[in-house]
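Undergrad: Sharing a structure here in structure tokens format.
Where a number appears in this text, it was derived from the coordinates with a stated rule and is not lab data. Since the model is a prediction, treat every value here as computed from it, not as a measurement. Here the Cβ positions follow ideal geometry from the backbone for every residue, glycine too, while neighbour counts run over all protein chains shown.
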Amino acid sequence: MEYQQKVNCVKTSESIEEIMKESLRIFWEFVKADEDATPWILRGFIGSHAELQDPSDFDLMEVVRSDLHKKEKKLREMLGTGNCIINKLKKPKEDRSNQDLFFSKVDLKLVGRVLRMSKVETDQLVWCRRKLSNIKFVERRICREPSFLLFPC
């Protein structure tokens with residue numbers, strides 16, 4: 001009986017993990033479709049006029065935006081070097097690094113989406129800051145700390 005409970009627990013945790021991965025993939029598709037639907041000329045205008053709940057959060061908003069842009073740039077640089085055929089032949093991609101890359105992309109898209117909302121609250125800015133602080137680049141590799149805060153409150 002105890003063995004059966006352990007097996008059920010393992011199955012449950014595996015199924016939860018698969019559900020989480022699938023939901024993040026679906027959300028990623030939504031973000032990409034949303035990005036494709038917005039004309040590139042309007043993207044700058046849409047994202048630049050967020051109304052802050054507390055005007056004193058302006059500095060935090062600028063820090064988060066700056067950090068987001070830096071991490072997006074580093075991620076693009078990493079993806080650019082991955083296109084070189086010599087680098088692909090040198091070392092095969094690791095499964096864990098692919099997952100970190102995927103989840104980092106999703107996290108950056110989520111933070112960008114929150115910053116483009118019409119009204120941004122202090123809690124949402126703090127969530128964005130925490131999300132960005134979980135993504136680090138060390139020696140041209142992504143180090144991502146797991147986070148259970150999938151979406152801002």
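Undergrad: Using a 7 Å offset from Cα along Cα-Cβ at Leu52, what residues in the range 103-133 end up with backbone N under 20 Å from the label point?
TA: Under 20 Å, as judged by backbone N against the label point of Leu52, lie 111-133 of the range 103-133.
Undergrad: Moving on. Using the per-residue mean of other Cβ atoms lying within 10 Å as a proxy for protection, in what order, highest first, do the peptides 60-66, 111-117, 13-19 fall?
TA: Working: 60-66: 15.9, 111-117: 18.1, 13-19: 10.0.
Sorting 60-66, 111-117, 13-19 by mean packing, highest first, produces 111-117, 60-66, 13-19.
Undergrad: Right, another one. Can you compute 3J(HN,Hα) from phi for each residue in the range 56-67, using the Karplus curve 6.51 cos²θ - 1.76 cosθ + 1.60 with θ = phi - 60°, rounded to whole Hz and x for Gly and Pro?
TA: Along the range 56-67, the couplings run 6, 7, 4, 5, 4, 4, 5, 5, 5, 4, 4, 5 Hz.
Undergrad: Hey, can you grab everything whose amide H is under 5 Å from the amide H of Cys143? Only 5+ residues off in sequence or another chain; H modelled, so Pro and N-termini drop out.
TA: Lys136, Phe137, Val138
Undergrad: Let me ask something else. What FRET efficiency, computed as 1/(1 + (r/R0)^6) with R0 = 35 Å and r the Cβ-Cβ distance, is obtained for Glu139 and Lys119, rounded to the nearest 0.05?
TA: Efficiency computed from Cβ-Cβ geometry: 0.35.
Undergrad: Additional query: With the crude spin-label approximation of a point 7 Å out along Cα→Cβ, what separation in nm comes out for Met78 versus Val126?
TA: Going by the 7 Å Cα→Cβ label model, 2.8 nm.
Undergrad: What pairs from Lys74/Lys119; Lys73/Lys105; Lys105/Lys131; Lys74/Lys109 go past 18 Å between their alpha carbons?
TA: Lys74/Lys119
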